[in-house]
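Peer 1: One structure follows; several queries about it will come next.
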Amino acid sequence: MALIRPFRGLRYDLSRSGAAERLLAPPYDVIDADGRAELAARSPDNCVHVILPEGDGDAKYSRGAALFEAMRARGSIAQDDEPALYVYHQTFTAEGQTYTRKGFVCLIELTRFGEGPVLPHERTLSGPKEDRLKLMRACDAHLELVFGLFADPARRWEAAVADGLGAPVLDADFDGAHHRLFRVTDPAAVAAVAAILADRSIYIADGHHRYETMCSFRAELEAAGRGEDGRFGMIYLSNLDDPGLVVLPTHRLVHSVPTFDLEVALAGLAGIFERVDLPLPEDAIGLRDHLRAAGERGVSFGLASPGAGVMILLTLRAGVDPAAIGLGHLPEALQRLDVVLLHELILERSLGITREAQSSLTNLRYYKSTEKALAVARDPASDVQLVCFMNATPVSDVRAVCDSGEVMPQKSTFFYPKIPTGLVFHSLVGAGERSGC
């Protein structure tokens, strides 16, 4: 069962620290050097100073912890007096349509993947987990949010908290979306939400590395005699049936493959995929339309060699037996997913990019922006050898993979928009002793 709790969050005191737009930051793993500099210049209290601290080697983690404590000391962030669920609404535009995704931040009992109700859907990389663990140790806090999903077709959780929302404690425009945060402290409302979640699986949408890091830190705290402090981790939960849940694709860019030859790679796949060569679409809308139409017929993706001006659209032939093409070892939930067939048949089998090379990013880059991926495909001077354009993975397929106990390749989904850092933090110092935490 999924066990959740309210908690006394650490939040920005906007009367001291200024407007929230100056304080929030995107997730650390999407911030480049220029982006960090711009965020850091907005305010000495911007959370980027803590989540991406400056410094050499491991010294940067102690610097991040010192800055976090300095923010608390000067009152820029303060701990709420009573436990709460932090209801969070994001309003945004995607592909010409406006959505509001609703969810809430709470604590969840931490269980390793495969040992409890929290389920992954993607492979993870070792490097990011070690980095986040060192920062978590130094700060003794959960700074960043994991994004989880649960099933609630009747949207009962929204009804449970509706009367307790009150005025938002944060109301801001940031990074192309409008953000509102509410504190729900009514014990009856909190208990109702907990009861709804009790028999649900939790599917990780984003933040696999952060979740695994929290589990690792929990084990360290248990060994140190602080088991209750680390038993629960901070998470944002939203509804699989929320009309504001939007998934966008993540495109693959292949580079540095020795003796790369696309036509040779595709020659052995003619009996598996139908091939259509199209002029490279002029814009992202046109590209998505081609991919979406092909996807209605079956597994599909587009391939483009930079500068060639052509997109090769591949669609799985009707009636192809997964076992006959060497995919019988995969569970049914994975056998007809675009991203899985791309990795298994194109990247691994035809181009020789091993799973180890994928994990270490030896030959792959990932672009969430279709426009940026198209720009690479147009550039004859690019060092990229192949751009792989993807359809978004449907949420129903993500859920099926999680329930099967299997995982997809990393970066298989992009739940849009990302959740910013800085909405709320969770201090682990004495967390097990505080009421409601």
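The values are calculated or read from the model by the stated rules, or taken from the named source; none is laboratory data. Treat the numbers as computed from the prediction; the structure is a model and nothing was measured. Positions of Cβ are generated from backbone atoms using ideal geometry, with glycine treated the same way; all protein chains shown enter the neighbour counts.
Peer 1: Can you tell me which of ALA373, ALA381 is farther than 19 Å from ALA265 by Cα, part of a loop (DSSP other than H, G, I, E, B) and modelled with pLDDT of 95 or more?
Peer 2: Every option except ALA381 fails the conditions.
Peer 1: Moving on to the next point. I'd like to know if region 183-205 contains one or more residues that are in contact with a Ser or Thr (Cβ under 8 Å, 6 or more places away or on another chain), part of a strand (DSSP E or B) and more than 22 Å from SER17 (Cβ to Cβ).
Peer 2: yes
Peer 1: Identify the single condition in (1) within 25 Å of TYR99 (Cβ to Cβ); (2) acidic (Asp, Glu); (3) not in a loop (DSSP other than H, G, I, E, B) that ASP242 does not satisfy, given that it satisfies every other one.
Peer 2: (3)
Peer 1: Conditions first: (1) part of a helix (DSSP H, G or I); (2) out of contact with any helix residue (DSSP H, G or I) (no Cβ under 9 Å at 6 or more places or on another chain); (3) polar (S, T, N, Q). GLN90 passes all but one, so which condition is the exception?
Peer 2: All conditions pass for GLN90, except number (1).
Peer 1: So, LEU133, is that one surrounded by 15 or more Cβ atoms within 10 Å (Cβ to Cβ), within 18 Å of the chain's Cα centre (by Cα) and outside any strand (DSSP E or B) or not?
Peer 2: Yes; evaluated as a whole, the condition is true for this residue.
Peer 1: Is it fair to say THR250 is more than 23 Å from PRO394 (Cα to Cα) and either of a type in the set (Val, Ile, Thr) or at pLDDT 95 or above (or both)?
Peer 2: For THR250, the condition - more than 23 Å from PRO394 (Cα to Cα) and either of a type in the set (Val, Ile, Thr) or at pLDDT 95 or above (or both) - is not met.
Peer 1: Then there's this: May I ask you to say which residue of GLY309, GLY319, GLY295 is more than 22 Å from SER382 (Cβ to Cβ), in contact with a strand residue (DSSP E or B) (Cβ under 9 Å, 6 or more places away or on another chain) and not polar (S, T, N, Q)?
Peer 2: GLY295
Peer 1: Could you please let me know if GLY352 is touching a Pro at 6+ places or on another chain (Cβ under 6 Å), in a loop (DSSP other than H, G, I, E, B) and touching a residue at least 40 places away in the same chain (Cβ under 8 Å)?
Peer 2: Taking the combined requirement at face value, the residue does not satisfy it.
Peer 1: Within region 40-55, can you find the residues that are of a type in the set (A, V, I, L, M, F, W, C) and either in contact with an Asp or Glu (Cβ under 6 Å, 6 or more places away or on another chain) or in a helix (DSSP H, G or I) (or both)?
Peer 2: ALA40, ALA41, VAL48, VAL50, ILE51
Peer 1: Checking the conditions here, which among GLN335, GLN358 is assigned by TED's automatic domain parsing to the domain that holds THR259 and in contact with a helix residue (DSSP H, G or I) (Cβ under 6 Å, 6 or more places away or on another chain)?
Peer 2: Unique residue meeting the criteria: GLN335.
Peer 1: Okay, next question. Sort out which residues of region 404-427 are modelled with pLDDT of 95 or more and either outside any loop (DSSP other than H, G, I, E, B) or surrounded by 23 or more Cβ atoms within 10 Å (Cβ to Cβ) (or both), and write them in order of number.
Peer 2: ILE419, THR421, GLY422, LEU423, VAL424, PHE425, HIS426, SER427 - these are the residues of region 404-427 that are modelled with pLDDT of 95 or more and either outside any loop (DSSP other than H, G, I, E, B) or surrounded by 23 or more Cβ atoms within 10 Å (Cβ to Cβ) (or both).
Peer 1: Given the options VAL401, VAL387, name the one that is assigned to a helix (DSSP H, G or I) and in contact with a Leu (Cβ under 8 Å, 6 or more places away or on another chain).
Peer 2: One residue alone meets the criteria, VAL401.
Peer 1: Within region 245-262, does at least one residue satisfy the condition of being over 15 Å from ASP140 (Cα atoms), surrounded by 21 or more Cβ atoms within 10 Å (Cβ to Cβ), of a type outside the set (A, V, I, L, M) and over 30 Å from the mean Cα position of the chain (by Cα)?
Peer 2: No: region 245-262 contains no residue that is over 15 Å from ASP140 (Cα atoms), surrounded by 21 or more Cβ atoms within 10 Å (Cβ to Cβ), of a type outside the set (A, V, I, L, M) and over 30 Å from the mean Cα position of the chain (by Cα).
Peer 1: Check whether at least one residue in region 354-377 is more than 30 Å from ASN239 (Cα to Cα) and over 25 Å from the mean Cα position of the chain (by Cα), and report yes or no.
Peer 2: Among the residues of region 354-377, at least one is more than 30 Å from ASN239 (Cα to Cα) and over 25 Å from the mean Cα position of the chain (by Cα), which makes the answer yes.
Peer 1: Cβ-Cβ below 8 Å, separation at least six or inter-chain, first residue in region 216-241 and within 21 Å of ASP131 (Cα to Cα), second assigned to a helix (DSSP H, G or I) and of a type in the set (Lys, Arg): which pairs?
Peer 2: SER216/LYS129; PHE217/ARG137; GLU220/ARG137; GLY230/ARG218; ARG231/ARG218; GLY233/ARG218
Peer 1: If you don't mind, there's one more thing I want to ask. Taking region 370-403 only, how many residues are closer than 12 Å to LEU253 by Cα and either touching a helix residue (DSSP H, G or I) at 6+ places or on another chain (Cβ under 6 Å) or in contact (Cβ under 8 Å) with a residue 24 or more places away in the chain (or both)?
Peer 2: Qualifying residue count for the region: 14.
Peer 1: Please find, within region 263-279, the residue that is farthest from LEU341 (Cα to Cα) out of those that are surrounded by fewer than 19 Cβ atoms within 10 Å (Cβ to Cβ) and among the small types (Gly, Ala, Ser).
Peer 2: Here the residue is ALA267.
Peer 1: Pull up region 378-395, narrow it to residues that are among the hydrophobic types (A, V, I, L, M, F, W, C) and under 24 Å from the mean Cα position of the chain (by Cα), then point me to the one that is surrounded by the fewest Cβ atoms within 10 Å (Cβ to Cβ).
Peer 2: Once the filter is applied, the top-ranked residue is VAL395.
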